[in-house]
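Written below as C-alpha cells is the structure these notes are about.
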Amino acid sequence: MKRNGRTVLIALEIATPFVLVTLYALWAAPRDSFFFPPLGEILAALRADWFGERILSDIWPSIRRILLGFSLSAILAVGLGFALGLSRRARIATAPLVEFFRALPPPALLPLTILVLGVGDVAKVLLIALVCLFPILQNTIAGITGIDPTLRETARMYGITRRGELLHVVLPGALPAIFAGLRTSLSLAVIMMVISEFVAASNGIGFGIWQAKRLFDIPLMWSGIIILGILGYILNMALLQIESRVLAWHRGARKAAE
Amino acid sequence: MLAVEQLGRDFGAVRAIAEISVTFEPDRFTCIVGPSGCGKTTLLKCISGLLPPSRGRVTLHGRPVTRPPREMALVFQDYSRSLFPWMTVRDNVAFPLRKRRDLDAAALRELVEESLAAVGLSDAIGRYPWQLSGGMQQRTAIARAIAYQPEILLMDEPFASVDAQTRADLEDLILAIRRRYSMTVVFVTHDIDESVYLGDRVVVLGPPPTQVKEVLEVGLPAERDQITTKKDPEFLRLRSHVFANIMNREEQG
Ligand SMILES: Nc1ncnc2c1ncn2[C@@H]1O[C@H](COP(=O)(O)OP(=O)(O)OP(=O)(O)O)[C@@H](O)[C@H]1O
Ligand SMILES: [Mg+2]
C-alpha cells in the first residue's frame with residue numbers, strides 16, 4: 001500500500017512535465033506564434049546553442065558564480081552563526097541587523113554592489129554570497145539555540161571538552177536547521193545569479209537570455225529559461241541528496257516521533 | 001567521601017532549597033525521596049557541579065566541586081533527551097570515553113559491550129535511540145554511566161516514566177549493577193516504595209523551601225526481592241513511616 005503510493009508519486013513527478021510539454025507542443029505547433037514558438041524550434045536552440053559552445057561560455061560561468069557565492073556564504077554564515085548562537089549578548093546586539101538584512105528584498109542590494117564592487121565576476125560572487133548569508137545565519141543561530149540543554153549538560157557531565165562539544169553535540173544538533181537555511185539560500189543564489197547577469201554581464205545564462213530577448217531570438221530565450229529551470233532543479237536535488245545522507249538520523253527520529 | 005554542606009539554591013526570588021547538609025559514604029546506596037518540585041533535580045545538579053549553589057558547597061574528598069568531576073556520572077531525569085539522537089547506542093555509550101588514554105581501541109570496545117550487556121542491551125548496540133522503547137533508552141543511559149566507571153553514580157528519577165513491569169526490572173538491574181561494580185549511589189525518586197526497596201538509607205526531603213526532614217537507615221537484608229522484600233514487616237514499617245512523614249501526618253499504630 002505504502003510502496004504503491006510511492007511509485008504513483010514518482011510516476012506523477014515524471015509524467016506531469018511530459019504532459020505539460022506535450023500540451024505545449026500540440027498547442028504551439030499550429031499557431032506559429034512569434035512569442036510562443038513551436039517546441040521543435042526551442043529544442044533545436046537548446047541543442048545547438050546551450051548544449052553547444054554555450055556550455056563553456058555561459059552555463060559554466062553561471063554555475064561557478066552560484067557555487068562560489070553559495071559556498072562562501074555557507075562557510076561564513078555557519079561560522080558567524082556559531083559565534084552568535086553561543087553568545088546571548090552577541091545575538092541580542094546583532095539581532096536588528098540580521099532581521100533588517102533578512103527582510104530586505106535581495107535585489108535591492110544590486111545597485112549598491114555594482115557601484116561599490118563593479119560588474120566583474122568577483123562582484124557577482126560577493127553579491128550572491130551576501131544575499132545567501134542571512135537565511136543560513138538565521139537558521140544556524142536558531143539551530144544552536146534550539147538544542148536541548150540536557151544534551152549539552154550531558155556533554156559537560158561526562159567531561160567532554162569544549163571542542164568536542166562544539167563538534168559532536170552543537171554542530172550535529174544544529175545541522176537540520178542549517179540545512180533548512182542552505183535550501184533557502186540555494187534558490188536565492190540562482191535568483192541573484194540571473195538578476196546580476198541580466199543587469200551587467202558579458203556571459204552567463206542570465207546574460208544569454210537577456211541577449212536573446214534583445215535580438216528577438218525567442219526560441220533561444222525560451223531554451224535559456226528551460227536551462228535555468230533544469231539547473232535550479234539539479235542543484236536543489238544535489239543538496240537534498242547530501243542532506244538525506246548527512247541527516248539520515250534526523251529523518252528517522254522525526255518519523256519515530258510521529 | 002561526598003559531602004553536601006549547608007547547601008542552598010535560589011531561582012530569582014524563589015527559594016528552591018533552603019538548606020541541606022548530608023554526607024554520602026563510599027559504596028552506600030542512598031535514596032533521596034521528596035514531593036514533586038521540592039528541588040531533587042536541583043540538588044543533584046548542584047552535587048554534580050552542573051549548577052552552582054547559591055549558598056554552601058559540595059565537597060568530594062575534601063575538595064569543593066565547581067564543575068562535573070571525573071568521579072561522577074549522572075543519569076538524567078529526561079533520559080530520552082540526554083541521549084544523542086545522531087549516535088547509535090554504541091556511540092552514545094562510547095562518547096564519554098573518547099579521551100580515555102588508558103584504553104586502547106579493543107579495551108574501549110570491550111568496556112562498551114560489557115556495559116551494554118550488563119543492562120541487557122547487547123542486541124540493540126547498533127540502533128539509534130529513537131528506535132528504542134523508553135525502558136531501553138533508560139538502560140542505554142545507565143550503560144553510558146557505568147561504562148564511565150564512576151566512583152559515584154547519581155540518578156535522577158530514572159524510572160519515573162516507564163511502566164510498572166519495566167520499572168521493577170530496572171530496579172533489580174540497578175541492585176545487580178551496584179553489587180557488581182562497587183559504587184556510591186545517590187538515587188533520587190518520588191516513589192516511597194522504591195526508595196525503601198533500593199536504599200541502604202533514605203533521605204526524606206520536605207516541600208520548598210526544602211530541608212532534610214529525616215534520614216532513615218534501612219534495616220533490610222542486602223539481597224532484595226520484589227515479592228518477599230515488599231512483604232517484609234520492616235519494609236512495610238519503613239514505607240508507612242516515610243509516607244506519614246512526607247504527608248505530615250502522625251504515624252498510626
Ligand atoms: N532553571 C530554573 N529556573 C527557575 N526555577 C527553577 C529552575 N529549575 C528549577 N526551578 C524551580 O525549583 C524548584 C525545584 O525544581 P526541581 O526540578 O529541582 O524539583 P524536583 O524535585 O526535581 O521535581 P520533580 O520531582 O518534578 O522532578 C521548582 O519550584 C522549580 O520550579
Ligand atoms: Mg526532578
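Could you let me know the centre-to-centre spacing of the stretch B:1-35 and the stretch A:153-169, using Cα atoms, in angstrom?
With the stretch B:1-35 and the stretch A:153-169 each reduced to a Cα centre, they are spaced 26 Å.
Can you list the HN-Hα couplings for the stretch B:65-76, worked out from phi with the Karplus curve (6.51, -1.76, 1.60; θ = phi - 60°), rounded to whole Hz and with x for Gly and Pro?
Rounded to whole hertz, the list is 8, 10, 8, x, x, 4, 6, 10, 10, 10, 9, 6.
Within chain A, what is the longest stretch that has no chymotrypsin sites (Phe, Trp or Tyr not before Pro) placed in a DSSP loop and near at most 14 other beta-carbon atoms within 10 Å?
Result for the longest clean stretch: A:52-215.
How many nm is it between the label spots at B:Asp172 and A:Ile55, if each spot is 7 Å from the Cα in line with the beta carbon?
Distance between label points: 7.1 nm.
For the stretch A:151-234, what's the radius of gyration and Dmax over Cα atoms, in angstrom?
In Å, with Rg to one decimal and Dmax whole: 22.0, 69.
Count charges around A:Lys124 for me, please; just the other residues with Cβ under 12 Å from its Cβ, Lys/Arg as +1, Asp/Glu as -1.
Neighbourhood net charge equals 0.
Mind pulling the angle between the C-alpha long axis of helix B:233-246 and the longest principal axis of chain B? Nearest 10 degrees, somewhere in 0 to 90.
Result, in degrees: 70.
Cut-off is 10 Å between beta-carbons; in what order do B:Lys45, A:Lys255 appear when sorted fewest neighbours first?
A:Lys255, B:Lys45
Would you work out if the stretch B:139-253 is rounded, prolate or oblate? Take a ≥ b ≥ c from the square roots of the eigenvalues of the alpha-carbon gyration tensor; rounded if a/c is under 1.5, else prolate when a/b is larger than b/c, oblate otherwise.
The shape class here is prolate.
Residues of the stretch B:181-198 with amide nitrogen under 18 Å from the 7 Å Cα-to-Cβ point of B:Phe243?
B:189-198
In Å, the Kirkwood hydrodynamic radius of the stretch B:1-119 over pairs of distinct alpha carbons?
16.5
For the stretch B:30-44, take each phi angle, set θ = phi - 60°, evaluate the Karplus expression 6.51 cos²θ - 1.76 cosθ + 1.60, and give the result in whole Hz per residue in order, putting x for glycine and proline.
3J(HN,Hα) across the stretch B:30-44, in whole Hz: 10, 9, 10, 10, x, x, 4, x, 7, x, 5, 5, 4, 4, 4.
First check a/c for chain A, with a ≥ b ≥ c the square roots of the eigenvalues of its C-alpha gyration tensor; if it is under 1.5, answer rounded, and if not, answer prolate when a/b is larger than b/c or oblate otherwise.
Judged from the Cα gyration tensor, chain A comes out oblate (a/c at least 1.5, b/c at or above a/b).
Run the paramagnetic zone check for A:Phe34: 7 angstrom along Cα to Cβ, then residues of the stretch A:180-215 with backbone nitrogen under 20 Å.
So the set is A:209-215.
Spin-label point model (7 Å from Cα, Cβ direction): what's the A:Thr161 to A:Arg64 distance in nm?
4.0
For Cα pairs less than 8 Å apart in space and 6+ apart in sequence, what is the mean separation divided by the residue count of chain B, i.e. the relative contact order in percent?
About 26 percent, as a whole number.
When a/c is below 1.5 the answer is rounded, else prolate if a/b is larger than b/c, else oblate, so apply that to the protein assembly as shown with a ≥ b ≥ c taken from the square roots of the Cα gyration tensor eigenvalues.
Cα axes put the protein assembly as shown in the prolate bin.
Rounding to the nearest 10 and keeping the result within 0 to 90°, find how far the Cα-based axis of helix A:218-246 lies from the longest principal axis of chain A.
Orientation of helix A:218-246: about 20 degrees from the principal axis.
Sum -39500 (n - 2.57) across every DSSP H segment of at least 4 residues in chain A, then divide by the residue count to get the 222 nm mean residue ellipticity, nearest 500.
It comes out at -26000 deg cm²/dmol, rounded to the nearest 500.
Taking each pair of different alpha-carbon atoms in chain B once, compute 1/r for the pair, average those values, and report the inverse of that mean as the Kirkwood hydrodynamic radius in Å to one decimal.
For chain B, inverting the mean 1/r across all distinct Cα pairs yields 18.8 Å.
At 0.36 nm per residue, minus the direct Cα-Cα distance, what do B:Lys99 and B:Leu51 gain on full extension? Give it in nm, one decimal, please.
14.9 nm
I need the calculated FRET efficiency for the pair B:Ser161 and B:Asp10, taking r as the beta carbon distance and R₀ as 25 Å, to the nearest 0.05.
0.35
If amide H atoms are built 1.01 Å from N in the plane of the peptide, which residues on other chains or at least 5 residues away come under 5 Å of the amide H of B:Gly56?
B:Gly8
Considering only C-alpha atoms, what is the centroid distance from the stretch A:78-93 to the stretch B:139-173, in Å?
For the stretch A:78-93 versus the stretch B:139-173, the Cα centre distance is 36 Å.
Read the figures in this text as sums done on the coordinates, not as results from a lab. All values derive from a computational prediction rather than experimental measurement. Cβ: placed from backbone, ideal geometry, glycine included. Neighbour counts: every protein chain shown.
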